[in-house]
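The values are calculated or read from the model by the stated rules, or taken from the named source; none is laboratory data. This one's a predicted model, so the numbers in the text were calculated from it and none came from an experiment. A quick note on method: Cβ atoms are made from the backbone with ideal geometry, for glycine too, and the neighbour counts reach across all protein chains shown. In case anyone asks, the SASA skips ligands and DNA or RNA and just uses the protein heavy atoms, side chains included. Shrake-Rupley method; radii C 1.70, N 1.55, O 1.52, S 1.80 Å.
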Amino acid sequence: MPGGHAFWQKEDFPANLRVALLDKSAPPAKAFYAQLRGQLIPAVRAGHTEEAQNQLREMRKHYLQHRQHIDEVVEKSTLLNQQAEARAGEQVNFALTLLLAIFAAVTACAIALVTAISRSILRQVGGEPGEALQLVDALAKGELRHADNPAAGGGIIGATRQLGTTLRQTV
């Protein structure tokens, strides 16, 4: 396990996770490897089978202690990840809501602008553009009776009707 403990000491993570990983799980791991190098391997090399089996039983205790603390590290890490994912989800939901609100506001402004421009154009024309086209077409064909309309209004249509009335009176 060369460098393993030193690597994790340099990492920045929450104190409760640091304690479980470095303070609680490291001593049994070190004891496991010390027993492996100092007693099990020499017993196996010397052919002392019974001594090797005794060392393995002792090492198993260190392994189980280490594993218990590593399981604690995994549980705490999982909880931290779940909390981080939940916060990220909340941020994404907030951003989506904000984007939808901005989209709705921009859409409403666009609709209001188009409506205002349309009304302004219709006011200048004095009615629907199709009606103005029919009136001008009728006058061009010499049909001056189309100019008579008590509700002549203003804009281009009103001016065109007035033109037709004036032409008819002149002719």
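Worth pointing out:
- Scanning region 47-59 for residues that are part of a helix (DSSP H, G or I) and open to solvent by 60 Å² or more (accessible area, probe 1.4 Å) turns up Thr49, Glu50, Glu51, Gln53, Leu56, Arg57, Glu58.
- Meets criteria (surrounded by 14 or more Cβ atoms within 10 Å (Cβ to Cβ), within 18 Å of Ala20 (Cβ to Cβ), modelled with pLDDT of 95 or more and in contact with a Ser or Thr (Cβ under 8 Å, 6 or more places away or on another chain)) for His62: no
- In a residue-by-residue description of region 109-126, the property of being modelled with pLDDT under 90 and either acidic (Asp, Glu) or not in a helix (DSSP H, G or I) (or both) applies to at least one position.
- Condition met for Asp148 (surrounded by 11 or more Cβ atoms within 10 Å (Cβ to Cβ) and modelled with pLDDT of 80 or more): no
- Restricting attention to region 33-46, the residues that are under 26 Å from Ala6 (Cα atoms), free of Cβ contacts under 8 Å to residues at least 24 places away in the same chain and either surrounded by 14 or more Cβ atoms within 10 Å (Cβ to Cβ) or more than 58 Å from the chain's Cα centre (by Cα) (or both) add up to 3.
- Among residues of region 118-144 that are small (Gly, Ala, Ser), those with a Cβ under 6 angstrom from a residue that is open to solvent by 70 Å² or more (accessible area, probe 1.4 Å), sequence gap 6+ or separate chain, pair up as Gly126/Ile156; Ala132/Ile156; Ala138/His146.
- Some residue of region 17-32 being open to solvent by less than 70 Å² (accessible area, probe 1.4 Å) and outside any helix (DSSP H, G or I): yes
- Conditions (1) open to solvent by less than 60 Å² (accessible area, probe 1.4 Å); (2) part of a helix (DSSP H, G or I); (3) farther than 30 Å from Pro129 by Cβ; (4) not small (Gly, Ala, Ser): number failed by Phe13: (2)
- For region 69-125, taking the residues that are open to solvent by 60 Å² or more (accessible area, probe 1.4 Å) and hydroxyl-bearing (Ser, Thr, Tyr), the one that is nearest to the chain's Cα centre (by Cα) is identified as Thr97.
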